[in-house]
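We did not get these values from a lab; they are worked out from the coordinates using the rules stated. Here the structure is a predicted model, which is why all the values come from computation and not from measurement. In this analysis, Cβ positions are derived from the backbone assuming ideal geometry, glycine residues included, and neighbour counts consider all displayed protein chains.
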Amino acid sequence: MKRQRQAEQMTVLREMLDLRGAHFTRQRAAVFDYLNRVDHHPTAEEVFLAVKQGLPRISLATVYKNLEALVGCGAASKLTYGDGAARYDVRTDHHYHTRCLKCGRITDLEPEAGKQLLKLIKPPRGFKVEDYHLEVLGYCKSCS
Ligand SMILES: [Zn+2]
Ligand SMILES: [Zn+2]
């Protein structure tokens, strides 16, 4: 089952890269696979350290390039906060995050929560809502 899901993810990735004229490579697949296996929205450095175990010759620069290729084809999104390193999220649907103020760890919040909140927050009359961002700040389990 797990293996099947992984195969499906790789097929999807191949198609997404194809549409962008980008190549499907073993390194790209490894980076994508790692993003799918973790839920903490890692930095490029964290991806590098993890992927290096299976692909010892990969460099941090290559990991960066591969992450950007994934973002470029829509297979992942990049989260930047002005401070600290960018983090990468393989989930590209509309959803929200909690962010640790100490270590920067990011976790997902379910989109439904945001929809409920928007009903409570009444925008000014005549304001047409197109999008919104929700971020919950605090300290993660290991930092608090
Ligand atoms: Zn933390
Ligand atoms: Zn996320």
Measure nothing fancy, just the Cα-based angle from helix 2-19's long axis to the longest principal axis of the chain, in degrees from 0 to 90, nearest 10. 90
The chain: calculated mean residue ellipticity at 222 nm from DSSP helix runs of at least 4, using -39500 (n - 2.57): -13000 deg cm²/dmol
Can you give the local net charge around K141? Use residues other than it whose beta-carbon is closer than 12 angstrom to its beta-carbon, Lys and Arg +1, Asp and Glu -1. +2
Listed by chain and number, the lysines with an alpha carbon less than 19 angstrom from that of K65, same-chain partners under 8 positions apart left out, are K52, K78
How big is the antiparallel share of DSSP beta bridges in the chain, given as a percent to the nearest 5? 65
Could I have the simple spin-label model distance between K52 and K78, label points 7 Å from Cα toward Cβ, reported in nm to one decimal? 2.1
State log₁₀ I(q)/I(0) for segment 2-89 at q = 0.22 Å⁻¹ as given by the Debye formula over alpha-carbon point scatterers of equal weight, solvent excluded. -1.10
In degrees, nearest 10, range 0 to 90: what is the angle between the Cα axis of helix 60-72 and the longest Cα principal axis of the chain? 60
Tell me, how many Å apart are the Cα centres for segment 94-144 and for segment 40-71? 27
So which lysines pass the test for K115, namely a Cα distance under 16 Å, with those fewer than 8 places away in the same chain ruled out? K128
Just how many % of Cα pairs in segment 96-138 lie over 14 Å apart, if you round to the nearest whole percent? 55
Proximal lysines to K102, defined as alpha-carbon separation beneath 16 angstrom and excluding residues fewer than eight positions away on the same chain: K141
Estimate the FRET efficiency between E112 and M10 by the formula 1/(1 + (r/R0)^6), using the beta-carbon distance for r and 22 Å for R0, to the nearest 0.05. 0.15
Summed side-chain charge close to R14 - residues other than R14 whose Cβ falls under 14 Å, Lys, Arg +1, Asp, Glu -1: -1
